[in-house]
1. How much accessible surface area, in Å² rounded to 10, belongs to the heavy atoms of residue 123 with a 1.4 Å probe?
2. Which cross-chain or sequence-distant (5 or more) residues have an amide H under 5 Å from the amide H of residue 60, H modelled 1.01 Å from N in plane?
3. Rounded to the nearest 0.05, what FRET efficiency do residue 15 and residue 54 give with R0 = 35 Å and r taken as the Cβ-Cβ distance? Could you check?
4. Tell me, what ³J(HN,Hα) does each residue in segment 11-20 have, in order and in whole Hz, if you take phi through Karplus 6.51 cos²θ - 1.76 cosθ + 1.60 with θ = phi - 60° and put x for Gly and Pro?
5. Could the peptides 17-24, 79-86, 94-101 be put in order, highest first, of the mean number of other beta-carbon atoms found within 10 Å of their residues?
6. Tell me, in nm to one decimal, what length is gained between residue 93 and residue 117 on full extension, where the rule is 0.36 nm per residue of separation less the Cα-Cα distance?
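The values are calculated or read from the model by the stated rules, or taken from the named source; none is laboratory data. Treat the numbers as computed from the prediction; the structure is a model and nothing was measured. Counting neighbours? That spans all protein chains shown, and the Cβs are built from the backbone with ideal geometry, glycine included. These area figures cover heavy atoms from the full protein model, side chains too; ligands, DNA and RNA do not enter into them. Shrake-Rupley method; radii C 1.70, N 1.55, O 1.52, S 1.80 Å.
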Amino acid sequence: MSDTASRNPSGAAQMLADGLLRTVAGTTASFRVAGAGSSAGGNSDQSQLGLVATNFAEVAVSPVVMRKLRPDWREGGPSKWELLVSANGVAQQVDAMDLDSAESLFAMTLVVTVAGQDYLIESVAANEAVGQVYLYRLLLREAGTEAV
């Protein structure tokens, strides 16, 4: 017999979030991260001076769903988007990259690419149920010429 009490962290919220994201046409997002697998380390003097090339990696996370937020009152401003990201997908990449947390993955991310369009992360929020994160909500804006 299993314990189905609400205090039991069974991962049901994570499985439900993954199922919902896939059901509403979930896709894959590519996170371009800096310093992945760098042997010189991102904080060494040589890398800060530009003597050592920075390593970049493309990290695929799925399922994700993207939605456009309502435009604000300012005309001509960049569009805002919300990317709903599976916590299971993020956890797989965090484990594969041997990182401390999902926040460190988001901090390393330079550009998020969805359907061929680049976006910059403005903020990250985590949704939790029974003490476990089941969904990350990333507030994005369209990358202009400042993103490389």
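1. Surface open to solvent at residue 123 totals about 50 Å².
2. Hits under the 5 Å cutoff: 31.
3. Numbers: r = 37 Å, r/R0 = 1.06.
Working from the Cβ atoms, E equals 0.40.
4. 3J(HN,Hα) across segment 11-20, in whole Hz: x, 5, 5, 5, 5, 5, 4, 4, x, 5.
5. Working: 17-24: 16.0, 79-86: 19.0, 94-101: 12.0.
Averaged packing, sorted descending, gives the order 79-86, 17-24, 94-101.
6. Working: separation 24, 0.36 × 24 = 8.64 nm, distance 2.12 nm.
Additional length available on full extension: 6.5 nm.
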